[in-house]
Amino acid sequence: MSQLRVLEVSKSTGGLGTYMRWLADGLDRSRFALTFVCLSDGADALADELSARGWTALAWQMNRYKINPFTDAQVILRLARLIRRESFDLIHAHGSKAGFIARVAAIGSRVPVIYSPHNFAFHSGVPRWQARIFAFVEKLTARYWTAKIITVADGEQELARQFGVGTPDLYATVHSGVDLSAFSRRVDSSEQKTALGVPRE
């Protein structure tokens, strides 16, 4: 069975950086060949980690929050060249900005794009006018340039429905798996209390 060649595009810091590490460690190497494009400040550190795990990883600078038409267009063109040169079977884009950039870069390539928003940019903490702009962009890209949207919680889909982003058949919820062994170490509570200056009782 041949490997599925997947391009993973994501910003490289915070929760998304952790998610990229989970993918790198969790996917079956006999079935998948991953190439990571790590965007934003700190991209080098994540790319180095992923490369050390045996994957192809590229670090490209991008402002992760602000829109800069000049530098963002450079990233889109660079990504478009990579997509056409490497003949990927699938593109998986993570987060709002990287998700938009990857979908635009893939236009005309005939490579399907799966998009994981990891919390849409029009969530409740965003001013209403801004949320409407973000939702309009998400509607456009969902309609024309997205094969599937994977949410990590059903609430994400509910929010998308409120703003009219995509159709129900476009969505699938895949809950994030968490390795609980990191939280199962035994701790001597008396020692910890003493170290922190907390009364034993």
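Quote the convex hull volume per residue of the stretch 26-75, based on C-alpha atoms, as a whole number of Å³. Before the final figure, lay out each step's value.
Working: hull volume 4.3 nm³, N = 50.
Convex hull of Cα atoms, per residue: 85 Å³.
A straight chain from residue 27 to residue 128 at 0.36 nm per residue would run longer than the Cα-Cα distance by 32.5 nm.
Divide the volume of the convex hull around the Cα atoms of the stretch 25-135 by the residue count and you get 122 Å³ per residue.
Taking Cα pairs under 8 Å and at least six residues apart, what relative contact order does the stretch 1-87 come out at, in percent?
Values: 119 pairs, mean separation 22.3, N = 87.
Taking the mean separation of contacting Cα pairs over the length of the stretch 1-87, I get 26 percent.
The average projected area of the chain, computed from the convex hull of its Cα atoms over all directions, is 15.2 nm².
Remark on residue 32: its backbone amide H falls under 5 Å from those of 4, a criterion applied only to residues 5 or more positions apart or on other chains, H modelled at 1.01 Å from N.
Per residue, the chain reaches -13500 deg cm²/dmol at 222 nm when only DSSP H runs of four or more residues are counted, each adding -39500 (n - 2.57). In the context of the full set of protein chains, the chain has a per residue accessible area of 58 Å² (1.4 Å probe). Taking label positions 7 Å along the Cα-Cβ direction at both residue 152 and residue 179, the computed distance is 1.6 nm, reported to one decimal.
Measure off, as a whole percent, the carbon and sulfur share of the 1.4 Å-probe accessible area of the chain, all protein chains present. Don't skip to the answer; put the middle values down first.
On the way: 6430 of 11750 Å².
Here carbon and sulfur together make up 55 percent of the probe-accessible area.
In the calculated pair-distance distribution of the stretch 128-176, the portion above 19 angstrom amounts to 21 percent of the Cα-Cα pairs. Counting charges near residue 72 (Lys, Arg +1; Asp, Glu -1) among other residues having Cβ under 12 Å from its Cβ returns a value of +4.
Mind grabbing the base-10 log of I(q)/I(0) for the stretch 61-125 at q = 0.12, 0.26, 0.28 Å⁻¹? Debye formula, identical points on the C-alpha positions, no solvent, two decimal places. Values returned for q = 0.12, 0.26, 0.28 Å⁻¹ are -0.31, -1.16, -1.26. Full extension of the segment from residue 4 to residue 84, taken as 0.36 nm per residue of separation minus the current Cα-Cα distance, would add 27.2 nm.
Amide H to amide H distances under 5 Å link residue 95 with 116, 118, where only residues 5 or more positions off or on other chains count and H is placed in the peptide plane.
The values are calculated or read from the model by the stated rules, or taken from the named source; none is laboratory data. Quantities reported herein were computed from a predicted structural model and do not represent experimental measurements. All Cβ positions, glycine included, derive from the backbone under ideal geometry; neighbour counts span all protein chains shown. Calculation scope for accessible area: heavy atoms of the full protein, side chains included, ligands and nucleic acids excluded. Shrake-Rupley method; radii C 1.70, N 1.55, O 1.52, S 1.80 Å.
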